[in-house]
Amino acid sequence: MRHLFHGGAILVGVWLLTSPAWAAPTLPGGIIDDLQGLESSLADGNAADVERRATRQAERLAGGNASDRWARALYLQLAANAEIRRGNARVAAEHLATARSIEGIERAQADRWLRQEAGLRARLGETERARELLGAWLQRHEGDTDGHWLMAQLQAEASRWEQAADWAQRALDGEASPSRQRLGLAATALQRAGRQEAALAVLERQLAGAEENPEAWRRAAGLAQRMGDPGRAAALWETAWRRGVLSGTDDLMQRIRLHLAAGTPARAAEILDHALEAGSLDDSLENHRLLAEAWQAARDRDRALSAWQEVAKRSDAAEDWLRLGQLAADWNRLALARTALTRARQGGAAEASDWLTALPEESGLETPRHVSDDRVGDDAEADG
């Protein structure tokens, strides 16, 4: 996983020299002028020179009095900032670690450097160390949203999903508009922690404006389906399809299957029927069988019998004629049932004989529209 937080900028403002938050030792005027000069030089882009000079000053002041120690810490912070500018996060982290460990540094200031070091360690991929440092900081501070997201990320990288989910939920509660990347982290952590409803809610939140990200829609629909909510999955898929986020044969077939699973088979059949007519899907036996099953599930008797008739004609398989005959018999379409069951018996379906025997005599019932008994029975034997 990529890190969501790369550590805050390490700022070396003059306020550090005069901050009212704690009584910093008084610094000589020459040291103040030198620090300010180095800061200006850093702002001008002279990172390498600043790092070299600041490190040299820090070494010179080691082992001095309280004022020297405070000045040394500020030089180390400047050196860390210069190393960050140069892309040397590891050296910068070491400078900060040294600065915060100097005797006499007030806890609030040391904690600021601790927080910054944790971000750098995370950037370096030092997950365990970063989690240890950030955890120590969070024990003493309420924390900010960035800190919560970073801890969620670090816990996730260690596959500690319960803890990652806890921190992600805390971060979500504290941020009105998290990025999609952060929402993705939260969804993963919550899902891996078994909090499926919360994960799906985050995924749906992530979908706002995600017209260019079909995988986000597929993931949300897939999670809804695994949660046993096919209706929600079908609704998500249908929305994505109508917005043009999902397209193509595979997505079209999944759209149909989700409607079948969601208990809206008539809609599935309509989509499939239109796709076959338009040539969007192959005019295959498999697709016609799916269409027949959809109309049957929708209890649309005329369309179901017509579709099963088409399947039986295409396959000429005894089991398909048998199924058509059974349906026709159940729905009291006796002429169609007789001819279909006769074809099934001719094809070797032993069960067809029992069904034929159980059929009542024809009573002049009307053949349903879309279904032609003549076409079904062209080759059938007369059955008495």
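Here the 3J(HN,Hα) profile of region 143-157, calculated from phi with Karplus coefficients 6.51, -1.76 and 1.60 at θ = phi - 60°, is x, 10, 4, 4, x, 5, 5, 4, 5, 4, 5, 5, 5, 5, 5 Hz, Gly and Pro shown as x. For region 42-114, which chymotrypsin sites (Phe, Trp or Tyr not before Pro) are in a loop by DSSP, counting at most 12 other Cβ atoms within 10 Å? Hits after loop and neighbour filter: nothing returned. With Kirkwood radius over Cα pairs in Å as the read-out, I listed (1) 26.8; (2) 21.4; (3) 23.3; which label goes with the value calculated from this structure? The value computed from this structure is option (1). Between the Cα long axis of helix 318-330 and the first principal axis of the chain there is an angle of about 80°, rounded to the nearest 10.
Taking the number of Cβ atoms within 10 Å of each Cβ as an exposure proxy, the fewest-first ranking of Thr98, Thr342 is Thr98, Thr342.
With the helix formula -39500 (n - 2.57) applied to DSSP H stretches of n ≥ 4, the chain reaches a computed 222 nm mean residue ellipticity of -22000 deg cm²/dmol.
Among the GluC sites (Glu not before Pro) within region 124-157, those in coil by DSSP and having at most 14 neighbouring Cβ atoms inside 10 Å are Glu142. Of Arg242, Arg192, Arg72, the sequence from fewest to most neighbouring Cβ atoms within 10 angstrom is Arg242, Arg192, Arg72. Helix 89-100 and the longest principal axis of the Cα set of the chain meet at an angle near 50°.
Please label the shape of region 226-299 as rounded, prolate or oblate, based on the square roots a ≥ b ≥ c of the eigenvalues of the alpha-carbon gyration tensor (a/c under 1.5 means rounded; beyond that, a/b larger than b/c means prolate, else oblate). Oblate shape, in that a/c is at least 1.5 and b/c is the bigger or equal ratio. Could you tell me how many degrees, from 0 to 90 and to the nearest 10, lie between the Cα long axis of helix 29-43 and the main elongation axis, the longest principal axis, of the Cα atoms of the chain? Tilt of helix 29-43: around 30 degrees.
Each of Leu322, Leu356, Leu150, Leu124 was scored by other Cβ atoms within 10 Å of its Cβ. Listed from fewest to most, they are Leu124, Leu356, Leu322, Leu150. Under a Gaussian network description of the chain, with springs only between Cα atoms under 10 Å, the residue in Ala220, Ala208, Ala93 that fluctuates furthest is Ala208. Converting phi to 3J(HN,Hα) with the Karplus coefficients 6.51, -1.76 and 1.60 and the offset θ = phi - 60°, region 174-183 yields x, 10, 6, 9, x, 5, 5, 5, 5, 4 Hz in sequence order, with x at every glycine or proline.
All of the numbers you see were taken from the coordinates with simple rules; none came from a lab. The structure presented is a predicted model; accordingly, all values stated were derived computationally and were not measured. So basically every Cβ, Gly included, is an ideal-geometry build from the backbone, and we count neighbours across all protein chains shown.
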